[in-house]
Each structure stands twice: as structure tokens, then as C-alpha cells.
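Here's the structure we're looking at; comments come further down.
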């Protein structure tokens, strides 16, 4: 071990990149994830108002909407007709709009119930959900104001007014992340997902590029046990410098998130650190297993990068694993990232005791010796020698076909359930009355929620939540039915998990729809309980109905939202990796392989953006010729970007260390996941560096939102500017004397 350690330290001194890469890449990922979400709250989303009424009532709605911290309504976004608003939405100038009918004021004065329609899009799921919630609140606040003004004339107290407006009222709370901070949801887990992609590929790279008898020569001792100990000692000596760096970065990351960034946590900080350390160990062991089984470094590192990139999905941070098909649930369970996230959520989100979470630590710990069982295969690789080098064109083809067609189909299958349904919750019915039982039956009948467990008390329900068996708790108080019969507000309590944004959103949607249905029924009986004189006045109170229309991903499906974005990322990254492999080989001139890649990827992209949406029922609203023109520009710009960065790659495998780990980061930078106006200015500048940002937004406008070329003028201009800049850099690179001699 000592000899191997000393040899590796000499290699690090002679090859500075072996030290620079494990230091710079994870630290950059830490900086990125700790800052990309700004303050973490989605605010000032631009929306529009179609004011067909132009009355004092409609102006009051506009003022109510402008007072919402979530919404931003500028003067230019108050439209006179809906076609203008739809046009602005297709250009992504606004995320949605409210339509006030022309007879709005007259209907209110006549005591009728006009309907205001909220139109929003879910092509960007987080922004769409926030806009919908804000629209509902705006109309609710406006309706309450109308009831209050009439109630004051009738001599009804403010408390009675609130009861009439909301006969039943859910008091919502969460086990963690009560402010629904987007950074709290994603920053910490996604840093470790980035980290594990790099650790996995770097471990394969370090061993695979140095399968040398100088450190893997078997000991002369004939004892199999001693020979095995010698092998593991050699591996430990080789990887020890990097393991120390990774462990130090793990401790630094935990300090940054939980101390500097003030990320809240409920469990033991020691348990959180132990979980992350075991995760690093299991990931390095998995890297050893991959290179041991596949001792061809070019193939092994490609597979490692693909496995690492799948960790984001397999972890369940984005789409809940429990809602995937059973075969994929089983597949996800073999990823260390899945058990790391389960342990993290159990401790940080649910404050679960060690007795309920020990198995997640045990699985990570057990994964280390299981993966190391493959290490003896390295001896055979050294004994047989390097053999024929794997043809670089074969490796490139593997990345192109496996990384594009394979990934697109695999992601489509993983997300094919698309929406989260039947989320299990625990029910505590302290009322035990026909009213409470009817309410719970209506709740269970919704698509979103399933009342899976009937509990006697809160500790029993909390235990189920700590075990991750249920995702929420609803408590009906003993006074529920009596307060309804007395015409008083009947509150109930809802506790939700925030382990997944989709769980939280789904539970809230189901309970809100049930509550709205119950309130519509109970409001009339509440008014009837008032004195006759007050009933007459309130009967003349104008009421406003709200109806929402979701366009572009109308059912709020996660797959329909993410897969179109992933298609663009996959095309960009696999093309960049293929170019890096060919550039590192140095046997083919960039002047030859860049045009070949551009032509091949243009044809491949037409297959991807044409067939994949059809296979998985994704939105496909673009004009085919316009989509082909846009994809051609995107492919040319990506080819120019690939050519511009070719000098950075010194060998065919090195590109795999840097490109795959940042796949999710490109989604965050594009503004398709988290609104671009909430991203710090530094990252807004970086947003314009990569062709994926205009590529994603342009593709969403065309194919997911049915826009035309005039709607993507900003994205087209950005791609043209990038093409000019990166094309010029690539041309200067080719004009170097050394490069001219190779042409």
C-alpha cells in the first residue's frame, strides 16, 4: 500500500490535472448549487390581464393581482383581447393571464356569478404551479372583499364573513421546508448527485488509465488471502489521495449548506455527515467494480458516466420512485444515490430515529464490499495485457447511439407514468360523524390522494410518516360537524411531507379541490343560519367563480415537462462527448470530424424530436419545417461550441470527467426549471454561454407551445451570436501552424 501510495503521489506531481480535476470540479459544483437558486423563492412571475370589462371591479382585480408577491403585471401586459395575451405567452413574455369577461361589472351588480378564467402553461412546471396558486388566491381575496363589503352593511362581524367565505378551512403545515424554498428542495441533494457522477467517472479514469503491473503485480506469496489483501492494499494506496480530497469536500459541503446557507435540518448532523461519507465510499467502490468488469477504459468510463447521470432520476429527487413502473422501482434500488437520498430525507425532512433509518446506512455500507468483490478481475486484465485498443470510432458510436436513442427511450419509460396519483395519507377522524366521513370519502375519491391508513392519534400517524409509508396527515377535529351545524368555520389540520415537490403539490391539489367542493355546498347552509334580514342582504352579494385552463402540458405531467428539455440536453452533451473523444485521440483532424458530427446529429436530432414525442405522447405542436430549421441552427451552434473546446481535451477519456456531471446544471441555467429572473446575475450571464439555454427555450416554444419562428427570435439571435463566436474561436484554433500541418 505504501509503495502504491508513493507512486500515485508522484503521478499527481507530474500530472497536475490529477489534482486539479478532483479539486476544481466538485468545488465548482458546490458553488453552483449553493447559489443558483438565489433566495429560493419564486417571485414576480410576469403574467397578463385580459380586461374586457374596463370597470372599477376589474381594476380592483388588477390591483389585487399586483399586490401578490408571486405575480408581476406590467402596463404592457394588460391586454384588450385574448389573442394578444396568448401571443405573449407563446413568446414566454408571460407565464399566464386572467381573462375578465366584458359583462363582469354588470353581472356583479345584478347579483350574478361571473366567471374569471385563469390561463397558464405548464411547459415550465414550477412556474406554472406558482401562477395557478397565485391566481386562485387573487380571486379568493377579491371574493372575500366583496362579501366583507356587503357583510358590513348587513352588520355581520368579520369572523362571520370569513366563515361564509370559507366554511371549512384547511390549516396546512409541513414537516420541513415550510416556506417551500426551491433551493432547500434541490440544492443539497443535487450537489451530491453532481458529486457522485464525477467520483464515479474519476475513479474509473484513475484506475483505467493506469492498469499497470507496477502497482497491480500479484504478490509472490501463494496464499490467496494474502494476495487478495495485497490487491486491496494496492487499490487503497492508489485511491487514498483522492478519497481524502472527496471526504474533505464532503465535510465542506455539509458545512456550507447547513451553516453558511442556513439550510434547515431536523435530525442529527452527525447522521447526515455519516450518510454522505458512506455514499462517497459506495460510489468509489462502484467505480472500482465497473473498471474491473470492463477493463477497457473508454467503454467503462462511458458506462460510468451514464450510470452516474441516471442517479438524478433513480434518487427520486425529481420524480417519486414509488410512482414509476415496478421494474424501474427495482432498478432504482441498486443505485447508491437512491439510498443516500432516502437516508438524507429521513433524517433532515422527517427527523426519523436511527431505528427507522439504519437500513439505508447499512445498504450503503454493504455496497462497498459487494462492489469490491469484482476487484480481483483487475489482475486478469493486467496479466492479459492491454490488448488491442478499442477503436475510437466504436467508442464514439457507442456514445452517440447509446447516449441519444438509449437515453431518450429510457428516460421516457422512467417518466412515462407522468403524473403522481393516489398519494397515501394517514387520516385521524376525531369527529366520527356523517359530515367528517363524507368529507374523507370525497377526498379519497380524488385522483390525487388515497386515505391509506386510519390512525387513532397523531403519534401513530407521525410514525407512519417517519417510516415514509404515508406522505401526509389530515386531522379532522371533534368539533368539525358541530361547528358546521352552527354556521361557524370548521378548520382541519393538514401535515404534508416535502420530501418531493410533486408529493406536496399533489396532496395540496387534492385537498383544495375537496375543500372547494365542500365549501360550495356548505356556504348556502351557512347563510341560511343567519337572521332573515342578513340573509336578504347577502343573497344580493355578488360572487365570483374561478375556472382555470392549463395549456401546454395540460395535466401537469412531469414527464411531459422534463423529457422535451432532456432531449436537447442529450443531443448537446453526447455531441460534445463524441467531439471530445475524437479530439483527444488526435488521429482525426477536427476539420473532418466536426462537419461529420454536425451532419449526423442533424439527422439524428430529427429522429429524436420527431419520434420520441410520438412514442411517449409528448406535446408536438411545431411546424415540421420550422422545427427542422431551428434544430439545424442548434446543431451547427453545438458543433461550433464542440470545435471551440477541443483543445481542452488531451485524451479520449478525459471529456467524460467534465461533461456528464453538469447535465442537470444546464437545465437550471436554461431557466426552464427555475425562472431565469430569480437566478443571480452571474449565472444569468453564464446562461448565454451554452447553446442549450436558447435551444431548450426555443424548442419548448415551438414544439411544446405551438409557436412559430417569430416567437423564437430572441433564441435564434442568441444561437446565431454563439455560432459566430464559437465558429471564430474554432477557426483560429485550426489556423495554428501545428493544426495546419495535421489537416
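Throughout, read-outs are computed from the coordinates displayed, never taken from laboratory work. Worth saying up front: this structure is predicted, and the values here are computed from it rather than measured. Methodologically, a virtual Cβ is constructed for each residue, glycine included, from the backbone with ideal geometry; neighbour enumeration extends over all protein chains shown.
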Ordered by fewest other Cβ atoms within 10 Å, a rough proxy for footprinting exposure, 455, 408 read 455, 408
In degrees, nearest 10, the alpha-carbon axis of helix 269-293 is tilted away from the dominant principal axis of the alpha carbons of the chain by 50
Log entry: pair-distance distribution for the stretch 639-743, C-alpha pairs binned every 5 Å from zero, whole % per bin is 2, 11, 16, 20, 19, 14, 9, 6, 3, 1
Scaled by the rule-of-thumb 2.2 N^0.38 Å, the alpha carbon Rg for the chain gives a ratio of 1.08
For the stretch 557-743, one quarter of the surface area of the C-alpha convex hull, expressed in nm², comes to 10.7
Restricting to Cα pairs under 8 Å and 6 or more apart, the percent relative contact order of the chain works out to 19
Here the stretch 207-304 gives, from Cα atoms, an Rg and Dmax in Å of 17.6, 56
Here the convex hull volume per residue of the stretch 273-366, taken over Cα atoms and given in Å³, is 102
Here the averaged projected area of the stretch 62-128, based on the convex hull of its alpha-carbon atoms and given in nm², is 5.2
Using the Cα gyration tensor of the stretch 259-327, the equivalent ellipsoid's semi-axes, largest first and to the nearest Å, work out to 28, 19, 11
DSSP beta bridges in the chain: the antiparallel percent, rounded to 5, is 20
Unit-weight point scatterers at every alpha-carbon of the stretch 671-715, Debye formula, q = 0.14 1/Å: log10 I(q)/I(0) is -0.34
Rounded to the nearest 10 degrees, the helix 354-372 long axis (Cα) sits at an angle to the longest Cα principal axis of the chain of 30
Two pseudo-spin positions, 7 Å from Cα along C-beta at residue 713 and at residue 554, lie apart in nanometres by 3.1
For the stretch 181-390, Rg(Cα) over 2.2 N^0.38 Å is 1.09
Taking 410-420, 467-477, 55-65, 308-318 and ranking on average Cβ neighbours within 10 Å, highest first, one gets 308-318, 467-477, 410-420, 55-65
One finds the C-alpha centres of the stretch 548-618 and the stretch 18-83 to be spaced, in Å, by 28
The distance between the Cα centres of the stretch 694-731 and the stretch 625-667, in whole Å, is 14
If the chain between residue 651 and residue 589 were fully extended at 0.36 nm per residue, the gain over the current Cα-Cα distance would be 20.9 nm
Most packed first (mean Cβ within 10 Å per residue), the peptides 565-574, 249-258 order as 565-574, 249-258
Longest principal axis of the chain (C-alpha) makes with the long axis of helix 434-444 (C-alpha) an angle, in degrees to the nearest 10, of 30
Sorted on mean Cβ neighbours within 10 Å (highest first), peptides 67-74, 225-232 come out as 67-74, 225-232
